[in-house]
Structures are given as structure tokens and as C-alpha cells.
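The values are calculated or read from the model by the stated rules, or taken from the named source; none is laboratory data. Quick caveat: nothing in here was measured; it's all calculated off a predicted structure. Reconstructed Cβ throughout: ideal geometry from the backbone, glycine too, with neighbour counts over all protein chains shown. Note: areas computed on protein heavy atoms with side chains; ligands, DNA, RNA excluded. Shrake-Rupley method; radii C 1.70, N 1.55, O 1.52, S 1.80 Å.
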Amino acid sequence: NLIILFAGVLLFSSCEKGGLLEEDQGNLSQSLSAIEATVSSLPVEPLDSAEKQRVLFIREEEKLAYDVYQAMFDKYGVKIFQNIPNSELSHMEAMLTIITKYQLVDPMDKNPRGVFANADLQSLYNALVSQGNGSVLAAYQVGAKIEELDIFDLNKSIEVTNNLDVKIMYDFLNKGSRNHLRSFFKNLTNAGGTYTPVFITKSEFVAIVTTPTEKM
């Protein structure tokens, strides 16, 4: 039963642990492999144009996060900008699994860091890197902004998606983004900064940052 399978995957990936996010890459790779195996085992279902667009957009949005964090690590050498990009790589690979399964054209192609097919993401990348270059505090705020935007866009993508395999993958990415938001917010507050959510509601933001890290 696909619904039972879906519930099982969500239960598997929603266990919680306390503390600042420091994802063990071995466990993350195992989680990604398990999700990819589940997604691959599910039947191919029709994807309408809106669903295809969301898949391609989320793939490139994960690249945006990865590229911005790399730029911030180059500038500040702060550990969080080294750890979280490793997770973003897993998110990019997760979306590539869907793109490959449904024989879509990967928008990332071989684009180097900071280059995007989507014009909106290109403009956003440029603005975020410029903002983050102001100070390490600004860089933490950029990280929080990226992760809450990811959550907003993933939630929107889930709403327009009927395919179970794609929903499972979005849920996997959403958990990661919530964990990253918790980490950036903790670093931000520890450094004496504040953050006001831009894309998700204040109540949703508070519900995320005041709850423990979710196990991937």
C-alpha cells in the first residue's frame, strides 16, 4: 500500500534529537540512499507542466543554497558554511534522482558556481552574496533567509504535486531545510543578532526554531 509506505518513510525520517545541527555525512548518505531507493521503487506517474517546473526549480534552488554557502565559507571560514553545503549536495542529488526518473532536462547542466538558468535565482544569488559579504552576522541572516525560502517553496511545491515519489523527496528536503534554519538561527542569536522571517509566517518560524533538530 503506497500510503502506508509513504507514512513509513515519513516516520523513519522525522525522529528528533536535540542540539545544534551537525549532520554526520555517513548517516545523511544512508538516509539519502534509503529515500532514493524508495522513490525508485514507486511507479512513474504523469507529471503536468506545473509539477515539472517545480521539480526543476527546486533542483536549481538547492544549487543556489550550496553556491552562496560556499562563497560565505570562502570569506569567513566559519564551520557552519562548510558543514551545511555538504547537506545541500545531498539535496541536489535527491532532486537529480527525480529528474532522471522522469527524463527531464537538468537545468543545472554544468553551470559553475554562481551561474543559474533561472533569471530570478540568478538575481537572488547576486543579492544574497552581496548582503552576506557585509559581515559574518549578515551571512548568518542570509543563511536563515535561504532556508526559510526553501521551506516556503517546498511547501508550495508539495501543494501542486500529486506524485507520491516527488512528495517523499520534497519532505526529505524540507526536513533538511528546517534543520539548517535552526542552525543558522542559533548561530545568529549566539552572535547577538536577530532575525525576522520574510517568507514563512512568524508562527511557523517560531515553531521550527524552538523545536529539536529532526533526524534525517
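Observations
- Relative contact order of the chain, pairs being alpha-carbon contacts under 8 Å that are 6 or more residues apart, as %: 32
- Only helices enter the 222 nm calculation for the chain: every DSSP H run of n ≥ 4 contributes -39,500 (n - 2.57), and dividing by all residues gives -24000 deg cm²/dmol, rounded to 500.
- Surface calculation, 1.4 Å probe, protein heavy atoms: D153 sits at approximately 10 Å² accessible.
- Crossing angle, helix 25-41 versus the chain [Cα axis fit, 0-90 degrees, rounded to tens]: 30
- Axis angle, to the nearest 10 degrees, between helix 2-13 and the longest C-alpha principal axis of the chain: 30 degrees.
- Sorted peptide list for 35-42, 176-183, 161-168, criterion being average Cβ within 10 angstrom, highest first: 176-183, 161-168, 35-42
- Prolate/oblate/rounded call for the stretch 160-199, Cα gyration tensor, a/c under 1.5 rounded: oblate
- Each Lys and Arg adds +1 at its Cβ and each Asp and Glu adds -1 at its Cβ; summed about the Cα centre, the stretch 22-110 shows a dipole of about 120 debye.
- Folded to 0 to 90 degrees: helix 80-101 orientation relative to the chain principal axis, Cα: 20
- Once the 1.4 Å probe is applied to the protein heavy atoms, the stretch 73-123 comes out at 52 Å² accessible per residue.
- Shown here: P(r) over Cα pairs in 10 Å bins from 0, in percent, derived from the displayed model; of the candidates (1) 9, 34, 35, 14, 5, 2, 1, 0; (2) 8, 32, 36, 18, 6, 0; (3) 8, 36, 38, 16, 2, 0, it corresponds to (3).
- Listed residues V78, V44, V68 arranged by accessible area, highest first, probe 1.4 Å: V44, V78, V68
- Magnitude of the charge dipole, the chain, Cβ model with Lys/Arg +1 and Asp/Glu -1, debye to 20: 460
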